[in-house]
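These notes are about the structure you will find just below.
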Amino acid sequence: MVREVYTCFRKLSQIVNVIRASLVSGFIGGNLATLALLRHPSAAMGYIQYGLFGWRFISGQGLPQSHFHELFATPKYVSIDLLPTIGYLTYWDANYAKDVFYLALLGRVLSPKIVFEIGTLQGYTALLFALNTPRDTIIYTLDLPPDDLCSPSLPTTIIDDAHITAHAHSTEYLYRDHPAGTKVRQLYGDSAQFDFTPYHEKVDLFFIDGAHSYEYVRSDSLNALVCTRRGG
């Protein structure tokens, strides 16, 4: 009887501790952290978006998840090539480093002949694909031109606008100074208006990382489905 009472008390104590920690770190801590970023709107929005992403992940919402080796025939040992830390990709969060790891792994395991990427920015992932694919692979990467001649035709997010503004003042791509960069073909244009016809049913690996609004993600996804070959 004493043991049962102790067990019940212990479980109740654990529940109370979880609730208390959730209120302090989740409600109070999260809101205070957001208030501290009010002077930096883009950083605050990034923090909120990341918090929502984590919440959806923990709550099990969104698309079902599978392990990499469950989707692709993966060797027991795979060597990949990574780039040094560049900007936001691995600057403040290990989740971005995880993304980079799996993109490199996709290149090694799938050995695609044609890769198409929407969203070049600094050319980090374009070079990452170049380093982890066969020598004869071609990587097409599409981005808005680095000038004011082309503006987004669909709604964008605050983070997208910040990237577009930064990109307008920089045309330096990481792949240009690397030997593997010869595999990269730079394309310019608005992905919602771009003519994808020459790439229909030819792409082995299509990577969407352009604007993050629903309208752009939907448009890019539909184009990717048409461009990806059977089995790609």
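The values are calculated or read from the model by the stated rules, or taken from the named source; none is laboratory data. None of the values given here were measured: they were computed from a predicted structure. Cβ placement follows ideal geometry from the backbone for every residue including glycine, while neighbour counts extend to all protein chains displayed.
Given the residues ASP160, ASP190, ASP204, which is the only one that is on the phi < 0 side of the Ramachandran plot and in contact with a Lys or Arg (Cβ under 6 Å, 6 or more places away or on another chain)? So that I can check it myself, show each step before the final result.
Values: ASP160 fails: in contact with a Lys or Arg (Cβ under 6 Å, 6 or more places away or on another chain); ASP190 fails: in contact with a Lys or Arg (Cβ under 6 Å, 6 or more places away or on another chain).
The unique qualifying residue is ASP204.
Among the residues of segment 65-124, which ones are β-branched (Val, Ile, Thr) and modelled with pLDDT under 90? Before you say what the answer is, go through the steps one by one.
Applying the first criterion (β-branched (Val, Ile, Thr)) to segment 65-124 yields 74, 78, 80, 85-86, 90, 100, 109, 114-115, 118, 120.
Passing the criteria: THR85, ILE86, THR90, VAL100.
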Quick one: is SER151 without any contact (Cβ under 8 Å) to a residue 40 or more places away in the chain and either loosely packed, with under 15 Cβ neighbours inside 10 Å or not hydrophobic (A, V, I, L, M, F, W, C) (or both)? yes
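Consider THR156 carefully, then state whether it is among the β-branched types (Val, Ile, Thr) and without any contact (Cβ under 8 Å) to a residue 40 or more places away in the chain.
On the way: among the β-branched types (Val, Ile, Thr): yes; without any contact (Cβ under 8 Å) to a residue 40 or more places away in the chain: no.
The answer is no for THR156.
Can you find a residue that is in a helix (DSSP H, G or I) and closer than 29 Å to GLU201 by Cβ anywhere in segment 145-157? It would help to see each step written out before you state the result.
Filtering segment 145-157 for residues in a helix (DSSP H, G or I) gives none.
No - not one qualifying residue is present in segment 145-157.
Residue by residue through segment 112-134, note down the ones that are surrounded by fewer than 17 Cβ atoms within 10 Å (Cβ to Cβ) and either without any contact (Cβ under 8 Å) to a residue 40 or more places away in the chain or part of a helix (DSSP H, G or I) (or both). Step through it out loud before you land on a result.
First pass over segment 112-134, keeping only residues surrounded by fewer than 17 Cβ atoms within 10 Å (Cβ to Cβ): 113, 134.
Selection gives PRO134 alone.
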Segment 211-223, residues that are surrounded by 18 or more Cβ atoms within 10 Å (Cβ to Cβ) and modelled with pLDDT of 95 or more: TYR216, SER219, ASP220, ASN223
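Every residue, every condition in (1) surrounded by 10 or more Cβ atoms within 10 Å (Cβ to Cβ); (2) aromatic (Phe, Trp, Tyr); (3) closer than 24 Å to ILE159 by Cα; (4) at pLDDT below 75, yes or no:
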position: CYS8; (1), (2), (3), (4): yes, no, no, yes
position: GLY26; (1), (2), (3), (4): yes, no, yes, yes
position: GLY30; (1), (2), (3), (4): yes, no, yes, yes
position: GLY60; (1), (2), (3), (4): no, no, no, no
All positions within segment 193-232 that are part of a helix (DSSP H, G or I) and of a type in the set (Val, Ile, Thr): THR197, VAL217, VAL226
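Using the structure shown, decide if THR137 is surrounded by fewer than 16 Cβ atoms within 10 Å (Cβ to Cβ) and polar (S, T, N, Q). Break it down into steps so the answer makes sense when it comes.
Values: surrounded by fewer than 16 Cβ atoms within 10 Å (Cβ to Cβ): no; polar (S, T, N, Q): yes.
So THR137 does not fit the description; no.
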Any chance segment 188-199 includes a residue that's among the charged types (D, E, K, R), within 27 Å of ALA104 (Cβ to Cβ), in the same structural domain as LEU103 (by TED's automatic domain parsing) and modelled with pLDDT of 90 or more? no
